[in-house]
Amino acid sequence: RSKDRGGGVFHAYEPQLHAEAEERRLLELALRKALERDEFHLNYQPVVDARTGDLRGFEALLRWQHPELGLIPPNRFIGIAEETRLIGAIGAWVVRTACMEAARWPAPMRIAVNVSPEQLHQPQFLNIVADALGDSGLDPSRLELEVTESVFLREGLGATKVLEKIQALGVGLSLDDFGTGYSSLGYLGRTRFTSIKIDRSFVRNAASGTPEAVAIIRAVVAMADSLGMATTAEGVETARELQMVQQLGCTCIQGFYFGRPLAVADARALALRNGQAATSAVA
Ligand code: C2E
Ligand code: MG
Ligand code: MG
Ligand code: MG
């Protein structure tokens, strides 16, 4: 309808566009102050061994608690942080905070930290990681950085080289949300990922009986096996999904079925309970 009005097309949508731009501007302003105001914290989601149910570690997930806007989920502010380059300072805080906390857990309990492409391409990034390890005393093998396929979109900027340098520190690398982005298999031959994280959309579809999703998970697990990489099934919510990804041979499992992202003290308590004894985290 608005098409008929020619020049009115833009006009018709303007109020909504305006509201979105306004919200973005508001978030950006707030985000610029969030670090110094100490408004960030991390939650830690359990990652368990698919066969034994033993707790292997946690993924650190960033949370922003704003005094007036409330709890803002990462999907609403990571993009803004990337565009404004605030992600550099925020990401450095995440790496440091996560390493400090993980150093308090019993070895070899691991910590996974999400890293944006923008961060990876910063010249200081390697030093940030090395300093976080040095200052916390965390063994590098207990840290794993998670990147998505999108880092390879800008291969011109040398993603493979940076990833190699990270690995040279002894830090693990995992490929997050596998299968949802720019999936070229070429880079899997160049970068030795510790693990591939299979996106929860495949887990969901496989368990609800979509044969293609089952075939894809089976193929990814086989490929990872032959490349010497582990696989983590993301977003496992039900017993049925658990059974499916166990049958398909995934190495590790993460999802609400085992645990939501936990507050720092709860994660620490779980880590300490499951450390030495290596008791099963699966009920
Ligand atoms: P991700 O790295 O793939 O993290 C997993 C997301 O799935 C988390 O959402 C987690 O809470 C959610 N999740 C885990 N298990 C389940 C499940 O069983 N069902 C469902 N429906 N969801 C589940 P969250 O915490 O909202 O984070 C969203 C994304 O934000 C993350 O996806 C990651 O890409 C990004 N992110 C989070 N923290 C950071 C960070 O510190 N730095 C950067 N650069 N990105 C981050
Ligand atoms: Mg992740
Ligand atoms: Mg993921
Ligand atoms: Mg994701």
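The values are calculated or read from the model by the stated rules, or taken from the named source; none is laboratory data. Note that the coordinates shown come from a computational prediction; the quantities given were computed from them, not determined experimentally. No Cβ is skipped: glycine too gets one built from the backbone with ideal geometry, and neighbour counts run over all protein chains shown. Heavy atoms of the whole protein, side chains included, go into the accessibility calculation; ligands, DNA and RNA do not. Shrake-Rupley method; radii C 1.70, N 1.55, O 1.52, S 1.80 Å.
Of all the residues that make up the stretch 86-114, how many are over 17 Å from Asn127 (Cα atoms), in a helix (DSSP H, G or I) and among the hydrophobic types (A, V, I, L, M, F, W, C)?
1
Output the residues belonging to the stretch 50-93 that are more than 16 Å from ligand 4 (Cβ to nearest atom), open to solvent by 40 Å² or more (accessible area, probe 1.4 Å) and either over 17 Å from Glu20 (Cβ atoms) or of a type in the set (Lys, Arg) (or both).
Those that are more than 16 Å from ligand 4 (Cβ to nearest atom), open to solvent by 40 Å² or more (accessible area, probe 1.4 Å) and either over 17 Å from Glu20 (Cβ atoms) or of a type in the set (Lys, Arg) (or both): Arg51, Thr52, Arg56, Gln65, Pro67, Glu68, Leu71, Arg85, Ala89, Trp93.
Which residue, of Leu188, Leu133, is in contact with a helix residue (DSSP H, G or I) (Cβ under 6 Å, 6 or more places away or on another chain), open to solvent by less than 60 Å² (accessible area, probe 1.4 Å), more than 16 Å from ligand 4 (Cβ to nearest atom) and in a helix (DSSP H, G or I)?
Just a single option satisfies the conditions, and that option is Leu133.
Given the conditions (1) more than 16 Å from ligand 3 (Cβ to nearest atom); (2) part of a loop (DSSP other than H, G, I, E, B); (3) buried (at least 17 other Cβ atoms within 10 Å of the Cβ), report the number of the one that Phe193 does not fulfil.
Failing condition for Phe193: (1).
So Ser174 passes all but one of these: (1) within 16 Å of ligand 4 (Cβ to nearest atom); (2) open to solvent by 50 Å² or more (accessible area, probe 1.4 Å); (3) among the polar types (S, T, N, Q). Which condition number does it fail?
Unmet for Ser174, out of (1) within 16 Å of ligand 4 (Cβ to nearest atom); (2) open to solvent by 50 Å² or more (accessible area, probe 1.4 Å); (3) among the polar types (S, T, N, Q): (2).
Of the residues that sit in the stretch 217-229 and are in a helix (DSSP H, G or I) and either hydroxyl-bearing (Ser, Thr, Tyr) or away from ligand 3 (no atom under 16 Å from the Cβ) (or both), which one is most open to solvent (accessible area, probe 1.4 Å)?
Arg218
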